[in-house]
1. Just want the ordering: T58, T64, from fewest to most Cβ atoms lying within 10 Å of their own Cβ.
2. Which net charge results for the neighbourhood of F84, defined as the other residues with beta-carbon distances under 15 angstrom from its beta-carbon, given Lys and Arg at +1 and Asp and Glu at -1?
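Each value in this text was obtained by applying a stated rule to the coordinates, not by laboratory testing. All values reported here derive from a predicted model rather than from experimental measurement. Don't worry about glycine lacking a Cβ; one is built from the backbone with ideal geometry, like all the others, and counts go over all protein chains shown.
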Amino acid sequence: MKDGSVDVIREKDNTINLARLFASNNTTPKESIKEAQATSSGPWQYVVENIALSGFKTQISDLTVKPDSPLINIDNIRLSASLFDGKSPFPFEAGLHVV
C-alpha cells in the first residue's frame, strides 16, 4: 500500500475517532453466536509472505488541548514485513519522520 493517511483525533467529549470503527452494533443474541462458533471446523490459518506500506502519514490531534491544529504530524511512515503468520516471530523494518 502506498500514500495513505490516518488522522487520530481525541474529540472534545474525550472519545477517539478510531474507536468508533471497532464499536459493536451487534444485535445478534449471544446464543446464536455460540451456536455458529460450535459448528466451525476450527481456527483459520494464514501466512503473508510480504507486506509493505510506504509514504503514509498521520496527524494526531487532541481537541481538548489544542482545538485548532494537530499536536503531532508524522510523515513518510514506511513498514515492511515478511513471512507473517500471527504466531511466529517475523522480520520487519519500520521508519518514520516526526514533524
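1. T64, T58
2. On the way: positive: K87; negative: E49, D85, E93.
That sum, taken over residues with Cβ under 15 Å, equals -2.
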